[in-house]
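Right, one structure below, let's go through it.
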Amino acid sequence: MNKQKMFLSLNNTYYEMLDNSYDYSKIKRYDIINFLSKKYGFKSYLEIGTSNFLNYNKIEIQDKECIDPQRNKGYTYNMTSDDAFKIINRKYDIIFIDGFHHGEQVDRDIKNSLKVLNDNGVIVLHDCNPPTALHARYPPPNPINCPWNGDCYKSIVRFRIENPNIFSFVVDTDWGVGVIDKNLNRNTENIHIPENLLENKNDKIVGGILNVGNKKITWDYFNKNRKNLLNLINTDDFFKLYE
């Protein structure tokens, strides 16, 4: 894609970034959801964080439900995902997580989604591959008037480390589309994390370092090793996984 300059405002300081990390002509999150649904013959879908229905309306599954706390929008569950999961009493084939972009919330959404996921189901997550610390900053800018992914990347990294028996990866498209797929018969490679990583200014931007057990993962280490930590693959390799 053509290189484009982004100017983001944070605490009245302007950061100029050369953003050539994303080709917006690539497949989108709804393309991946629809592909997986057709591949596995999925019949039911739950979306966490529906907002304006732009993604939801593109999902080609008849049995669809959604969660969002915004008022008067026609959501199936007009409440937070934490509250919705207390009353959901059914199972889904595929669940898409794109709610509050804070790692601790995404951790809970993954945990709760696994409880209501069918045995051969898949979880898809958005915003897993922020290109810079500013895209991943937490708390978010107010108002959110610029690209912001939050620190969702922490959740997919945490899941991969804590669940090596469940295959998960991130497709390098549309800000990073994470996939947790129990159907793929392969294990996550062993992830080695150095023990001497120290918090710095970038970690303050993204809301602190990522702690997984006795592992400490800084933003700088993640940024240099995201391919391994996220199991980051391109769109061609994504389709090859399902040949």
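Derivation of every value follows stated rules applied to the coordinates shown; laboratory data play no part. Just so it is clear, the structure is predicted and the values come from calculations on it, not from any experiment. Neighbour counts run over all protein chains shown; Cβ positions are idealised from the backbone, glycine included.
Dipole magnitude for segment 115-208: about 160 debye, using +1 per Lys or Arg Cβ and -1 per Asp or Glu Cβ, origin at the Cα centre. Taking 0.36 nm per residue of separation and subtracting the Cα-Cα distance, full extension of the segment from residue 107 to residue 234 would add 43.3 nm. Percent of Cα pairs in the chain per distance bin of 5 Å, from zero to the largest separation: 1, 6, 14, 18, 20, 17, 13, 8, 3, 1, 0.
So if each residue of separation counts as 0.36 nm, and I subtract the Cα-Cα distance between residue 198 and residue 27, what length gain in nm does that give? Could you put the intermediate results ahead of the total?
Numbers: separation 171, 0.36 × 171 = 61.56 nm, distance 3.64 nm.
Stretched fully, the residue 198-residue 27 segment lengthens by 57.9 nm.
At 25 °C and 0.890 mPa s, grab the translational diffusion coefficient of segment 88-178 from Stokes-Einstein with a Kirkwood Rh over Cα pairs, rounded to a whole number in µm² per second. Here the translational diffusion coefficient equals 180 µm²/s. Taking amide H atoms as placed 1.01 Å from N in the peptide plane, the amide H of residue 121 has no partner under 5 Å among residues 5 or more positions away or on other chains. Pick out which of 186, 226, 137 has the largest mean-square fluctuation in a Gaussian network model of the chain, springs linking Cα atoms closer than 10 Å. Maximum fluctuation in the GNM of the chain, among the listed residues, is at 186. Charge dipole (Cα centre; +1 on Lys/Arg Cβ, -1 on Asp/Glu Cβ; no other charges) of the chain amounts to roughly 120 debye.
The distance between label points at residue 242 and residue 70 comes to 2.7 nm (points 7 Å beyond Cα on the Cα→Cβ vector). Restricting the trypsin sites (Lys or Arg not before Pro) of segment 54-83 to loop positions (DSSP other than H, G, I, E, B) with no more than 16 neighbouring Cβ atoms within 10 Å leaves 71, 73. Under 5 Å from the amide H of residue 151 lie the amide H atoms of 103, each residue being 5 or more positions distant or on a separate chain, with H modelled from the backbone and absent for Pro and chain starts. Full extension of the segment from residue 90 to residue 60, taken as 0.36 nm per residue of separation minus the current Cα-Cα distance, would add 8.8 nm.
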